[in-house]
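A short write-up of the structure that comes next.
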Amino acid sequence: MNEPFDLLITNGLVVADGKITRADIGIRGEKIAFVGNPVTRHPSPVTINASGKYIFPGLVDAHVHPIYVDDKYDTSVSAAFGGVTTLIHYAYVKPGQSLVPSLQSFRDDGLQTSVLDFGIHAGLFDVANQIADVPAAFPFGVTSFKVFMTYAKLKWMTDDYWMAALMDVVAQERGLVNVHCENGVVTDYLEDKFNRAGLDSKKMFTAMRPALLEAEATNRAISIAHVMGCAVYIVHNSAAENLEPLRRAKQNGWRVVGETCPQYLTLTDETTQTLAAQAKIGPPLRYAHDNAALWQGLREGILTTIGSDHAPKAKKMDDDFFDAAYGAPQIETMLPMCYYVGVNEGKLGRHEALPLLIAALSETPAKTYGLYPRKGAIQVGSDADLVIFDPAKTWTISNSNQHSKAGFTLYEGRTVTGVVDLTMQRGRVIVEHGALRREKGNAQFLKTDTSHFYAL
Ligand SMILES: [Zn+2]
């Protein structure tokens, strides 16, 4: 006698664990209770026929900033429409704020307002004064700490002395340091130099934040982390040149994870020149050869995760470029853009492109932060966090069909094939056919665990 499922998804093509298989998925309560041969039939009061559709594990976006025009509620709604079911947010701890109380209030706000389950990274802006509290964040469930090697003039930059000190402490706690790698002192010098010469800051934007200074900082962060025995996560790799230090680290077996983002895979400086202030992001959108190199990096396993860096600001195209804030909405377009360019246009290759893409968007981030196989997996016992994706539907991305409060998308007018049909978390439908079906206040806080980096 088979116990009935609460929900059965039939006839879908399940993309998980490096392969695509036709399987039925039975869900009981919040968990996946069965994955298997379609001929095995269990009774179920609700059945979804996913014939002709893909089923992905819900995306795990480990690079999210819910502190600008999209708060934690708005961000989770945009995420759900884009097939993301797990968020790892950056909680920024500014100078004068203390670490654990900041994390607590960030978590409590998320539990009340988020539609999706979430974890937290701590972003440190004053390591000298915050480092003593870092060990106390681990029992709280925060095991990753971000620093910036750039934005020196904004006073966001952590210098090498304090980055090394942080890595030293974090390594002892078996944690992860996430680094924004650009040489902030030299980019500030270039900015001043171009300003003094009266040059157009939009035209000079990639020259001010050049690829080589991103690769230099990446190499420095990786080297310092290795000396300190610390695992390091290089966020938003944007440049072909970054693959060199990342490749060396991989070949040496160092504890390094390389992330890229949809915007660096699919957009170039042409978008910056067209959309101006709206496309001002750091690192900058670069060139077609960078796009190609980053796709190749994913194919080779040099880059292993894709995060959105969703950081929407309410910017108009004609805002002053120099004064405009960095950041753009990304979370809702991440899956359709990466699917369309990586799989349909073949940038991820012809063989196993889709399982590779889903690994980078879901499985590997879940593994990196110790959430796997609860998240990022379609296995018996995993949370029933699923995406049903229609690979046949063609649609046009426009601000009018997006849910961010930014008021724009960098992909306006892009026609793509492939759309999210349904997003489910822990067995409950969140988004179905373009409608939000779940309310705030159902989220769970996820404690991360990065100790696996230190296993022998
Ligand atoms: Zn970011």
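The values are calculated or read from the model by the stated rules, or taken from the named source; none is laboratory data. In this text, all values refer to a predicted model and were calculated from it rather than measured experimentally. Please note: Cβ atoms are built from the backbone with ideal geometry, for glycine as well, and neighbour counts cover all protein chains shown.
Listed here are the residues, each with its yes/no results for (1) surrounded by fewer than 19 Cβ atoms within 10 Å (Cβ to Cβ); (2) free of Cβ contacts under 8 Å to residues at least 60 places away in the same chain.
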site	(1), (2)
His236	no, no
Ala239	no, yes
Leu246	no, yes
Gln251	yes, yes
Gln263	no, no
Thr266	no, no
Ala276	no, no
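Checked against the criterion of being more than 16 Å from the ligand (Cβ to nearest atom), out of contact with any helix residue (DSSP H, G or I) (no Cβ under 9 Å at 6 or more places or on another chain) and under 27 Å from Val60 (Cα atoms), the stretch 227-245 has no qualifying residue. Thr218 meets each of the listed conditions (1) within 23 Å of the chain's Cα centre (by Cα); (2) touching a residue at least 40 places away in the same chain (Cβ under 8 Å) apart from (2). Only one entry of Asp117, Asp108, Asp61 meets the criterion of being in contact with a Pro (Cβ under 9 Å, 6 or more places away or on another chain) and either at pLDDT 95 or above or over 26 Å from Asp17 (Cα atoms) (or both), and that entry is Asp61.
Among the residues of the stretch 164-199, those identified as out of contact with any helix residue (DSSP H, G or I) (no Cβ under 6 Å at 6 or more places or on another chain), touching a residue at least 40 places away in the same chain (Cβ under 8 Å) and either away from the ligand (no atom under 16 Å from the Cβ) or not aliphatic (A, V, I, L, M) (or both) are Val170, Gly175, Asn178, His180, Asn195. Looking at the stretch 343-361, is at least one residue of a type in the set (D, E, K, R) and within 21 Å of Ile120 (Cβ to Cβ)? Within the stretch 343-361 (the criterion being of a type in the set (D, E, K, R) and within 21 Å of Ile120 (Cβ to Cβ)), the answer is no, since none of the residues qualifies.
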